Amino acid sequence: MSPRGGWVARPAAASTPTRKLASDLLDLSEEQREIRNLAREFAQREIAPFISEWDENAHFEPSLVRKMGELGFLGMLIPEEYDGLGVDTPTYLIALEEIAVVDASAAVMMSVHNSLPTQMILRFGSDEQRERFLRPMARGELLGAFALSEPEAGSDAAALVTQAVLDGDTWVLNGTKSWVTSGSHAGVVLAMARTDLPEDRKGARGIGTFIVTPDLPGFHVGKKEDKLGLRSSPTVQLTFDGLRVPAANLLGEPSEGFIYAMQSLENGRLGIAAQAVGIARAALEAATAYAAGRSQFGTPIKDFQAIQFKLADMATRIAASRTLLHAAARAKDRGENVKQATSMAKLFASETAMFATNQAVQIFGGYGYVKDYPVERLFRDAKVTEIYEGTSEIQRIVIARELYASD
Ligand code: CAA
């Protein structure tokens, strides 16, 4: 880990930290090893050299989409018949973790695209929609976004008020969507809007999902958020001002859009858990290297128990998060009900990311608080994993409700 520069001497990290960092208890197949190595090399080559600059300037690098698309990273869960890689969920999460170790911003772009809009079209879309949207999305020619939240509908997602009214063979949408990851660069946005009318509200069963493209009249990109972390992932508001969406772009049934969104968030939450594991691992790797190179009281600080206990707790929670995540992913691929398991994985991994990055800043001391080292960025990036795709409080609600569920 080398400092970014500056004239003041900075402690150097040891060049060979530990051997056990990658211990993850996963029994990787040959294909999984290859994909992991590909993702690791890609992230080191194409992202790592620029990460401080992109973070500082809140710069989203559009060429990443093309490059990740060429390698198949934007079509990982899409079958080969639609130009995807068609790998299983654990393999996708292994690649996602590797990207997140280097850049949590690129990881959320990859996670949202692979887990939400593409999966929604694959599962609930028509053949025509798959041909038209899924195929270019799998190749990374169209980036996907997911627009559920609104200014007054965050955790209470079913309270959304964006209205869709059918006018002949066109749906007319009016409203504002918030916190849309990649929304300013997306070629396809899966947007939820009410299809029930104000005088006949049907709650969660009165919402449709629409395939929206930015060329449609009435589509506007609004405020770009100035965020604490994930600064090179653009998060925007989208305004639909009489947005005219062809009826052929309605996904599935007009009353079932919320259910589709909830089912897809189960995939999304696995992706965010993998992102969180990646952030936490980056913090552990940085802290381990630093602790080996930094001496105080005439001793490398890695030899103090106060530091060892922190590193041990970080490593243990990361291994536990990854194990829970991959158990949930395997259960999902077996077709089991994973509502609770995905929430557990997301909850535990995101709180681990926050814990590990906090400990890493503490191990670095004052140097952890400045931008010469990576851990302050990791600390900032970690926080949102406890917020988006369902806060930790919402995950606990889902987990607790499932304890009483009958199916
Ligand atoms: N699978 C299938 N159906 C589901 C489901 C799931 N996982 N979760 C809920 N449903 C169904 C319920 O069975 C229910 O159906 P019925 O009408 O047949 O009973 C319906 O959806 C409504 O569910 P609830 O009664 O549980 O609804 P609720 O309003 O009480 O609570 C909630 C639901 C769990 C709190 C939900 O609103 C939620 O998850 N909130 C968090 C929202 C969220 O995660 N937002 C993230 C936005 S994306 C993002 O972060 C940005 C980004 O780009 C990264």
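The values are calculated or read from the model by the stated rules, or taken from the named source; none is laboratory data. Note that the structure is a prediction, hence the values are computed from the model and not measured. Heads up, the Cβs are rebuilt from the backbone with ideal geometry, glycines too, and the neighbour counts pull from every protein chain shown. The area values use the complete protein model at the heavy-atom level, side chains included, leaving out ligands, DNA and RNA. Shrake-Rupley method; radii C 1.70, N 1.55, O 1.52, S 1.80 Å.
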Every residue in the stretch 52-82 that is in contact with a Gly (Cβ under 6 Å, 6 or more places away or on another chain), over 25 Å from ALA382 (Cβ atoms) and buried (at least 17 other Cβ atoms within 10 Å of the Cβ), please.
GLY69, GLY75, ILE78
When the residues of the stretch 201-223 are filtered to those that are open to solvent by less than 30 Å² (accessible area, probe 1.4 Å) and more than 26 Å from the chain's Cα centre (by Cα), which remaining residue is nearest to the ligand (Cβ to nearest atom)?
GLY206
The correct count of residues that are open to solvent by less than 10 Å² (accessible area, probe 1.4 Å), in contact (Cβ under 8 Å) with a residue 60 or more places away in the chain and within 15 Å of the ligand (Cβ to nearest atom) in the stretch 111-133 is 8
Please list, ordered by residue number, the helices (runs of 4 or more DSSP H) wholly in the stretch 63-139 having 2 or more residues that are over 16 Å from GLY187 (Cα atoms).
63-71, 89-102, 104-115, 117-124
If you go through the stretch 237-283, how many residues are among the polar types (S, T, N, Q), within 13 Å of the ligand (Cβ to nearest atom) and part of a helix (DSSP H, G or I)?
4
Against the condition surrounded by fewer than 21 Cβ atoms within 10 Å (Cβ to Cβ) and at pLDDT 95 or above, how does SER232 come out, does it pass?
no
If a residue counts only when it is within 14 Å of the ligand (Cβ to nearest atom), which strands (runs of 3 or more DSSP E) contained entirely in the stretch 157-200 have at least 2 such residues?
170-181, 188-194
Hey, could you check the stretch 349-383 for residues that are within 16 Å of the ligand (Cβ to nearest atom) and crowded, with 24+ Cβ neighbours inside 10 Å and say which is nearest to ALA106 (Cα to Cα)?
ASP381
From ILE387, ILE399, residue being within 14 Å of the ligand (Cβ to nearest atom) and open to solvent by 40 Å² or more (accessible area, probe 1.4 Å)
ILE387
